[in-house]
Amino acid sequence: MSTVRQYELIYIAPGEATEEALAEIHNQVAAVVERFEGVIEKTENWGRRRLAYEIGGQREGVYVLEVINGPGALTAELDRRLRVLDGVIRHLIVRVDEDLAAAERARSRRQQATAARRVRRGLPPEPTESERHRRDEDDDDDGGMEQAVRGGVER
């Protein structure tokens, strides 16, 4: 079996689609995912929204997001199936595991750089509890900054 990757599938059903119609589309997607030994990690119904432009006479659609873990062959079959379904106006499958890995690497590098800066300043690598508490209080109290900005603008 090939490598398991994470994908986001977003599909748009017609605006007048019922819950039963959406459940049927989800069941068909789930059947394909199961056949390829994948897993649907999350399903979110984003609700009825206005389309950016008219598609097939439709001005509104119901957006649904499915986060899927599975092999690459899964996407080809999903794409083929969703293209022929009348209950789907548009769909898009995007691989997101690379983006998530890149974001995690960037976060890790930022944390390491912050720890190195703190050590160079003679501080412990991680902020102490009192520093975190002080930072939280500063975030909650923006009044001082607003006063300084208003004080410079008003005359």
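The values are calculated or read from the model by the stated rules, or taken from the named source; none is laboratory data. Keep in mind that what you see is a predicted model, and the values were worked out from it rather than measured. All Cβ positions, even for glycine, are placed from backbone atoms using ideal geometry, and neighbour counts span all protein chains on display.
Residue-wise test of (1) closer than 17 Å to residue 6 by Cα; (2) under 23 Å from the mean Cα position of the chain (by Cα).
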{"site": "23", "(1), (2)": "no, yes"}
{"site": "28", "(1), (2)": "no, yes"}
{"site": "41", "(1), (2)": "yes, yes"}
{"site": "64", "(1), (2)": "yes, yes"}
{"site": "68", "(1), (2)": "yes, yes"}
{"site": "78", "(1), (2)": "yes, yes"}
{"site": "119", "(1), (2)": "no, no"}
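In this structure, is residue 44 without any contact (Cβ under 8 Å) to a residue 40 or more places away in the chain and either assigned to a strand (DSSP E or B) or among the acidic types (Asp, Glu) (or both)?
For residue 44, the condition - without any contact (Cβ under 8 Å) to a residue 40 or more places away in the chain and either assigned to a strand (DSSP E or B) or among the acidic types (Asp, Glu) (or both) - is met.
It is to be established whether one or more residues within the range 65-75 are under 16 Å from residue 16 (Cα atoms), part of a strand (DSSP E or B), in the same structural domain as residue 9 (by TED's automatic domain parsing) and touching a residue at least 40 places away in the same chain (Cβ under 8 Å).
So the first thing to find is which residues in the range 65-75 are under 16 Å from residue 16 (Cα atoms), and the list is none.
Looking for residues that are under 16 Å from residue 16 (Cα atoms), part of a strand (DSSP E or B), in the same structural domain as residue 9 (by TED's automatic domain parsing) and touching a residue at least 40 places away in the same chain (Cβ under 8 Å), one finds none in the range 65-75, hence no.
Which members of the range 1-23 meet the condition of being part of a helix (DSSP H, G or I) and surrounded by 14 or more Cβ atoms within 10 Å (Cβ to Cβ)?
21, 22
Please state which of the following conditions residue 59 fails to meet, knowing it meets all the rest: (1) without any contact (Cβ under 8 Å) to a residue 40 or more places away in the chain; (2) part of a strand (DSSP E or B); (3) surrounded by fewer than 16 Cβ atoms within 10 Å (Cβ to Cβ).
(1)
Can you name the condition, by its number, that residue 86 falls short on among (1) under 30 Å from residue 43 (Cα atoms); (2) surrounded by 12 or more Cβ atoms within 10 Å (Cβ to Cβ); (3) modelled with pLDDT of 85 or more?
Of the numbered conditions (1) under 30 Å from residue 43 (Cα atoms); (2) surrounded by 12 or more Cβ atoms within 10 Å (Cβ to Cβ); (3) modelled with pLDDT of 85 or more, the odd one out for residue 86 is (2).
Among 31, 23, which is the only one that is of a type in the set (A, V, I, L, M, F, W, C), within 17 Å of residue 76 (Cβ to Cβ) and out of contact with any strand residue (DSSP E or B) (no Cβ under 8 Å at 6 or more places or on another chain)?
Being of a type in the set (A, V, I, L, M, F, W, C), within 17 Å of residue 76 (Cβ to Cβ) and out of contact with any strand residue (DSSP E or B) (no Cβ under 8 Å at 6 or more places or on another chain) holds for just one of 31, 23, which is 31.
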